[in-house]
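Throughout, read-outs are computed from the coordinates displayed, never taken from laboratory work. Keep in mind the model is a prediction, meaning the values are calculated, not measured. Heads up, the Cβs are rebuilt from the backbone with ideal geometry, glycines too, and the neighbour counts pull from every protein chain shown.
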């Protein structure tokens, strides 16, 4: 096996077409932030934008800003910014509410499109909220049932049949980082007559996505990971144009009405993607998201993907090269083409090791029971960051720093 | 009838114990803002708080702020600030999601508590989203039906029977401003075995509310009207402690799980009010709301209510005194005890008149078909503001300024 030298790594940075983008972000000095797959950092443009939003739009504009500052149109305006990143033609993406709420809307809309069917399919190992929300979608509807991919080894073939109404899957697994074949799976699901819903929380903004070309029915995703929208920033929903006019989802609030200011007594959904809107949105959070998306303007996602694959390949190779004797297992696919932008290692003392890493300025996160998760965001992570992160990991293992009692006290919240 | 003089009005302001609170708000010079029942103004403390939240909490703290800056606990922390304003003892209020989403959760939770019943009751003349969301709650559940108060003259007595599971009513009517008797109606609804859900969008923060003492089951409300939380700021939910441990609502996201970081496969609701949480919240909006609620700290709601009644009484009396010949009708109760903090006038040219008023710096709003709506927020509106507003209204009517063509072009959005 070839070894990788520090000079090799510097050469990769010297050739990086995205290297200057880091300047657009505020990152604490000395920090190697490998947790952008959980919360992206703040763009430097945000503070001024937020100051303007509060003092001018709210403070001075008051109620008139719903029109004059475009608050009312923000869900669609943000959707227009996101569309190109998702391979979605105009008018098919809208931003509103949380990811969990949007999963619920999408699942319910899918059930309504296949009202003669009664089965929801999702993954046993999916992000818990996907499981919890599909469980919630069955509340008060005893005719509905759920099948879980991966439960007792069930593959997609095993669970698909003429009863399946919707299939909800993650494009990238939140733990392993595995990237699934959107086109092939969508075809398979639709061949069985079901509605395909993709959860793109871990791929939007980092993996080129082609929702239209893959003929996806519905998709949702968050904006605070690789899209850097800010803590808990609102989520997006995609619905293919062919479904517009037929979207019925039960969170039928006034923002989704065809004529929200006519104050009609009966709900009449807006014919387009706005049928996924519900009620008033926390506008200040959307303003931050808007500025964050502007940072992506003109960025070539193919270059982002190429660098992402290089960074994750490099990390895995360096862990093998430098830390081979320290008991780490690889939990992510070795083939970069089958991987999102994160790498998961396993270690029985993973929690303490991650705490030690964080104390040394290398921020990843830990997931039960033994997973160390590292995200690599090409907009602000360099190859040298990867080199330094592995050097620190090696030092922590060789000095057994992680055995210090303070690192084993479980205080993790997110 | 006694006439009211400018000196009388100045005397009211001189005796106003709340007069100094106006200094806590940023209001454009010369503006008489009578639309705080739609969007409250910005507290002066907000810009610094938002700057801190973005630059320190997000920019520097990054993912650690979920713990260290208390982001994760904000829904409960904000609930603790709201509780005293709602007459709610500890642990019964949480802030999360939009008002529409929370109405949905509450209705579904009520239906689950009365699963042997099948009828939802709400008002024909309620805020449209209350109608739309209760309609949505029936999606995919053909066993459910809805009865509307006020439809064909139906009173509460007419619609209550042993089939009614939940009753959703507004405490203050969004158009007329009528204030309903929470204690009596709650008793009547519960005597019929149904769950009582109050929508407090137009009373929270302005009318003393006693949710515990009125034995209310569930309540929801927004925070961007009289609580001044900012555009679209998150909504709150109240659930009486006696229901805790029995709350099942279908937006069962991971934030509502009893052990959100155990990543269990099955949903297990947190035993308390957190069962109403769903997914990640737009934290920046919550930070603004938090600072806004601090402005209310130490404010006596009884004094707020007393001044509110005085302001609305004064407005109605001055409209009668100064504008008697101009064709206005009163759409709000004349008895201040039966009124929230808003006054609705009717006029066949209401839209143009309101546009003319706004152009003269008196901001209220217009509601179809002919309603001029004025909100009076005692924290920043003076009696002299009311005097001046009516003087401007009189001038607009006497000069027929409202007939200028520019005022009749319907461009209203909110």
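Shape of segment A:178-320 from its Cα gyration tensor (a ≥ b ≥ c, root eigenvalues): rounded if a/c is under 1.5, otherwise prolate when a/b > b/c, or oblate? Mind showing how you got there, number by number?
Working: a/c = 2.86, a/b = 1.51, b/c = 1.90.
Because a/c hits 1.5 or more and a/b fails to exceed b/c, segment A:178-320 counts as oblate.
With a ≥ b ≥ c the root eigenvalues of the C-alpha gyration tensor of segment B:72-295, is it rounded (a/c under 1.5), prolate (a/b larger than b/c) or oblate? Before the final figure, lay out the partial values.
Details: a/c = 1.71, a/b = 1.22, b/c = 1.40.
Cα axes put segment B:72-295 in the oblate bin.
Rank-order B:239-252, A:23-36 by packing density, defined as the average count of other C-beta atoms within 10 Å over each peptide's residues, highest first.
Values: B:239-252: 20.2, A:23-36: 17.9.
Taking the mean over residues of other Cβ atoms within 10 Å, the ranking is B:239-252, A:23-36.
Over all directions, what mean area does the Cα convex hull of the protein assembly as shown project, stated in square nanometres?
On the way: hull surface 140.1 nm².
Projected area, direction-averaged: 35.0 nm².
Take every residue in peptide B:38-48, count the Cβ atoms of other chains within 10 Å of its Cβ, and give the average of those counts. Walk me through the numbers before you get to the answer.
Details: counts 3, 10, 3, 5, 7, 1, 1, 0, 5, 7, 2.
For this peptide, the per-residue mean of nearby foreign Cβ atoms is 4.
What is the fewest-to-most order of B:312, B:20 by other Cβ atoms lying within 10 Å of their Cβ? Don't skip to the answer; put the middle values down first.
Numbers: B:312 24, B:20 8.
Sorted ascending by nearby Cβ count, the order is B:20, B:312.
Determine, for B:80, A:373, the number of other Cβ atoms within 10 Å of each Cβ, and report the residues in order from fewest to most. Walk me through the intermediate numbers first.
On the way: B:80 16, A:373 24.
With the sparsest Cβ surroundings first, the list reads B:80, A:373.
Quick check: the angle from helix A:283-295's long axis to the longest principal axis of chain A, C-alpha only, nearest 10 degrees?
60 degrees
What average count of beta carbons from other chains do you get within 10 Å of the Cβ of residues in A:307-319?
Numbers: counts 0, 0, 0, 0, 0, 0, 0, 0, 0, 0, 0, 0, 0.
Averaged over the peptide's residues, the number is 0.
Kindly give the distances from residue A:398 to its copy-mates, label point to label point, with each label point 7 Å from Cα along Cα→Cβ, as nm values to one decimal ordered shortest first.
9.0
Would you mind ranking B:305, A:10 so that the residue whose beta carbon has the fewest other beta carbons within 10 Å leads the list?
Working: B:305 18, A:10 14.
Result, fewest neighbours first: A:10, B:305.
Tally the DSSP beta bridges in the protein assembly as shown and give the antiparallel ones as a percent, rounded to 5.
Values: 44 of 80 bridges.
Taking every DSSP beta bridge within the protein assembly as shown, about 55 percent pair in antiparallel fashion.
Give me the angle, in degrees from 0 to 90, between the Cα long axis of helix A:350-359 and the longest principal axis of the Cα atoms of chain A, rounded to the nearest 10.
Its long axis makes an angle of about 80 degrees.
Sorted from shortest, what are the nm distances separating the label point of residue B:297 from equivalent points in the other copies, each placed 7 Å from Cα along Cα to C-beta?
Taking the point 7 Å beyond Cα along Cα→Cβ, the inter-copy spacings are 3.9 nm.
Would you tell me the mean number of C-beta atoms belonging to other protein chains that fall within 10 Å of each C-beta in B:256-265, as a whole number? Intermediate values should be presented prior to the final figure.
Details: counts 4, 3, 0, 1, 5, 8, 2, 10, 4, 9.
Counting other chains' Cβ atoms within 10 Å and averaging over B:256-265 gives 5.
Tell me the distances, shortest first, between residue B:5 and the same position across the other copies, using label points 7 Å along Cα→Cβ, in nm to one decimal.
Sorted ascending, the copy-to-copy spacings read 9.7 nm.
Rounded to whole Å, give me the distance from the Cα center of segment B:1-79 to that of segment B:314-330.
What the calculation gives is 31 Å, centre to centre.
To test your reading of the geometry: what angle, between 0 and 90 degrees and rounded to tens, separates the Cα axis of helix A:128-137 from the longest principal axis of chain A?
20 degrees
Percent of Cα-Cα pairs more than 35 Å apart in chain B, please.
The answer is 31 percent, as a whole percent.
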